[in-house]
């Protein structure tokens, strides 16, 4: 990690996609210079926003590393988001030599469905059953390709027979996939921020993803569905804001605390840093099942550019997750503790 | 009711659950001292919020009454919410001897499905047909256990035959239940505040409940549903914000006005005080059917900690229902009219 | 168009429905006098809002024209909304002789499904297939009556056979209707504002309509649906706020830019002015299909009385579409360019 001095001016930078607008708006609100790295098809769009001081055009995102010298001269700090893996490839974050917000080692575990499942199991979260053998399947399941992003590359099967058929139909045979119990309930996505400076978790907001086509299925009457069978797909294209029953909030905090604590054991000493998201299903008896974790800012936080009902409880000003990141960086600079939050 | 003097300092208090955060945040914003009564599993969570001046730990919520002397010394005013019945038991509110926001007599009527139905009928709201005999059932129905809360203890049946089967299956025979026509449409929950000081109803916000598992059903294709039959459950775990077609708003106000006016006849002289919620289904011909009324602050108001599109129309500042309650109390203190809003 | 001088005081006026509250609140926030035209059943409701300076009562909305002299004396500017056609009849806007925000000629094209389809095709948007012959139908379709408003007068059919049956059943034979491919995906409504002064499009917000009964269907299990067959209806009664995946936003802007550019060719020289909405379905491969355009302020903007996550990115203050209209008018007055935005 590059050593930086308190009296330097820093530039917050990220790739132009996913939650870039929120991150750079938040950075500007906290007094930083801002820079977006954009491919040519995106520069015009990102040029609309005054809080972006500079847009550096790039041929492809994989050429990001060639900008590092230039960015170093600006005292850039990279804030990653959920599209970094898609744009830089697996392991792409690790190759970044600029100061990087968060803990890169967490991403390796997040990126491997088996290691992730193991982590959440150690954190003692309620998890859907994971099947290693097709033969064991005894209830509806959801099958997820390794590396599937944003909900694409998933399918559901009601039983062993249908599972076998669909694995063939979707050519999953030669691929790595993960068979998970399909929990009957409703999806709820919990957006958190863990502050290493304050050693505290904050709930930043809650959303429900908007997935195509699965969230359009219910609008088709059953007789039409049976006459025109559709395979549900789970491509995330947006998010709905929601709030949670207050009696479930203590549980939501406990889950997050357990995840953070276990991350410090599994990836010592720092563990998880900054924003993360627990993707859960809540069942009729009000149990959370954690189906996935994301260890960076998630797109659902874009709902709360101006704060959420939850951040409105803690902060006297609009606080997005993007701004919360910038605030943590600013405080770390002031306290000369940047090394605790950067990698 | 305890007589209080204008120059005293008051403390707003409530049980730590449901909409406690909103109520105490609102109380603090209006200048009150605040106190949460929490069981040991909840004190840590509620300790996160700076607007809560004091948390009094309690073994079980049923021991609330033992705190009354202590709370009296703080000039406490109790603001009840939708979990009071669940925590204090039926009739539990009546036993509270502290100054209590609202009209306890309304709760008896709200709590009895037959009396509630009768009240709404007298208020001339559109109601789903209520069946007193299984034999009368001639269309899909929803069956609700007496005292069922938060949507648990409900089931649907498509006709008389299925109704009879399900009553047996779910062991409803020896219980008190209520058979209601299942209105085909979409659920809309209207959050109101009736100010006895201003003698006026305000629409505070609108939501749609998020219920598990019924709101996950539509994500399962019909062929999966038929192969793996599921009984829908209606456990409320959260809320979605919505706005209503503006042309329906005058009707929404008229319904509320009729409910308030009839409450003054049925529970004279005060009738309904403060927040209430009409739980409706809107049909394709844009008719409201009122399926239930809640006569206290509902959890859906937690969406609007920072105000709703509707309160943004009346107020120049963020106005939650929790804050609106505190504002009414503050104004009543100033005008020496506390007796008009407390019980 | 009436010539107006910069030093005159203007009054923003509209019919009391749809998005009237938002329009007049926005006008007041930008310093205008405001006036609502209301039928007797609505005056009480609109009287609740302090930002409405005057309510002119009218017997029926069709008598609007009789008020024109009176409104001229107030230097009224009419801001139309999506209920003008329903209230004034087809061609009703054209008969307005008062200064009118927007381009009336656009409405003729919007109002004719064939011309509208032609326009969107020329703008090179992705469109669902339009069938002129029943015989051509080879996949599920949605059939829309000409002039159907707010989603009523629509039905779906899974194939040619069912289409023929339903056309008969719903007595569409003698009516004008439009057969459109039913795109499998999820609905997303994009709210834009085109500023002729700045020659720029802004994304003002995004919503998903709440339609009865189609959005209640998914809550009915398949076995109930099959035992009690329901015809879905699409009556819009409200809206949900959503945000879109950031990587889809550049595409959302491109679509809007293409629509604005082609509007200048089709309705020269001004083309589209002010607020419009692209009503889209997003498919699993993240393609937008534009199913309709609305060329005035849509009701979904009522979600964002206090600004949306998108306007929060551009503006340092709450900016509804209603306020954005008033801001454009105010700037046009200052720059003596009112003729560029009025008709």
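Things to note:
- Some residue of segment C:3-17 being facing another protein chain (nearest Cβ under 10 Å) and within 24 Å of residue B:309 (Cβ to Cβ): yes
- The set of residues from segment C:168-183 being assigned to a loop (DSSP other than H, G, I, E, B) and either under 19 Å from residue C:236 (Cα atoms) or modelled with pLDDT of 95 or more (or both) comprises C:182, C:183.
- In segment C:83-102, residue farthest from the other protein chains (Cβ to nearest Cβ) [restricted to those that are under 14 Å from the mean Cα position of the chain (by Cα) and surrounded by fewer than 22 Cβ atoms within 10 Å (Cβ to Cβ)]: C:85
- Restricting attention to segment A:220-243 and to residues that are more than 7 Å from every other protein chain (Cβ to nearest Cβ) and over 17 Å from residue A:187 (Cα atoms), the residue that is modelled with the lowest pLDDT turns out to be A:231.
- Flag if residue C:148 is surrounded by 15 or more Cβ atoms within 10 Å (Cβ to Cβ), in contact with a strand residue (DSSP E or B) (Cβ under 9 Å, 6 or more places away or on another chain) and at pLDDT below 90: yes
- Here residue C:201 meets the list (1) within 13 Å of chain A (Cβ to nearest Cβ); (2) within 22 Å of the chain's Cα centre (by Cα); (3) outside any strand (DSSP E or B) almost entirely, failing just condition (3).
- Condition broken by residue B:112, with the remaining ones in (1) closer than 19 Å to residue B:81 by Cα; (2) at pLDDT below 90; (3) touching a strand residue (DSSP E or B) at 6+ places or on another chain (Cβ under 8 Å) satisfied: (3)
- Residue, surrounded by the fewest Cβ atoms within 10 Å (Cβ to Cβ), within segment A:18-39, restricted to residues that are more than 11 Å from every other protein chain (Cβ to nearest Cβ) and in contact with a strand residue (DSSP E or B) (Cβ under 8 Å, 6 or more places away or on another chain): A:33
- Summed over segment B:118-138, the residues that are under 20 Å from the mean Cα position of the chain (by Cα) and outside any helix (DSSP H, G or I) give a count of 5.
- Residue match in segment C:4-16 (condition: modelled with pLDDT of 95 or more and on the phi > 0 side of the Ramachandran plot): no
- Sole exception among (1) within 20 Å of residue C:267 (Cα to Cα); (2) buried (at least 16 other Cβ atoms within 10 Å of the Cβ) for residue C:114, by number: (2)
- Residue in segment B:137-149 that is within 12 Å of chain C (Cβ to nearest Cβ), in contact with a helix residue (DSSP H, G or I) (Cβ under 8 Å, 6 or more places away or on another chain) and touching a residue at least 24 places away in the same chain (Cβ under 8 Å) present: yes
- Taking the listed residues A:50, A:42, A:70, the one that is outside any strand (DSSP E or B), on the phi < 0 side of the Ramachandran plot and surrounded by 13 or more Cβ atoms within 10 Å (Cβ to Cβ) is A:42, with no other qualifying.
- For the residues A:304, A:234, the requirement of being under 21 Å from residue A:328 (Cα atoms), buried (at least 21 other Cβ atoms within 10 Å of the Cβ) and in contact (Cβ under 8 Å) with a residue 60 or more places away in the chain singles out A:304.
- Those helices (runs of 4 or more DSSP H) of segment C:246-343 in which 1 or more residues are touching a helix residue (DSSP H, G or I) at 6+ places or on another chain (Cβ under 8 Å), within 13 Å of chain A (Cβ to nearest Cβ) and within 30 Å of residue A:154 (Cα to Cα) occupy C:249-266.
- Restricting attention to segment B:209-219 and to residues that are assigned to a helix (DSSP H, G or I) and either surrounded by fewer than 24 Cβ atoms within 10 Å (Cβ to Cβ) or more than 22 Å from the chain's Cα centre (by Cα) (or both), the residue that is farthest from the other protein chains (Cβ to nearest Cβ) turns out to be B:217.
- Listed conditions (1) crowded, with 20+ Cβ neighbours inside 10 Å; (2) within 8 Å of chain A (Cβ to nearest Cβ); (3) not in a helix (DSSP H, G or I) are all met by residue C:193, apart from (2).
- Flag for residue B:246 being farther than 18 Å from residue B:199 by Cα, under 19 Å from the mean Cα position of the chain (by Cα) and at pLDDT 95 or above: no
- Pairs, first touching a residue at least 24 places away in the same chain (Cβ under 8 Å) in segment B:163-180, second part of a helix (DSSP H, G or I), C-beta under 7 Å, six or more apart: B:163/B:134; B:164/B:134; B:178/B:113
The values are calculated or read from the model by the stated rules, or taken from the named source; none is laboratory data. Source: prediction; values computed, not measured. Note that we place each Cβ from the backbone using ideal geometry, even for glycine, and neighbour counts take in every protein chain shown.
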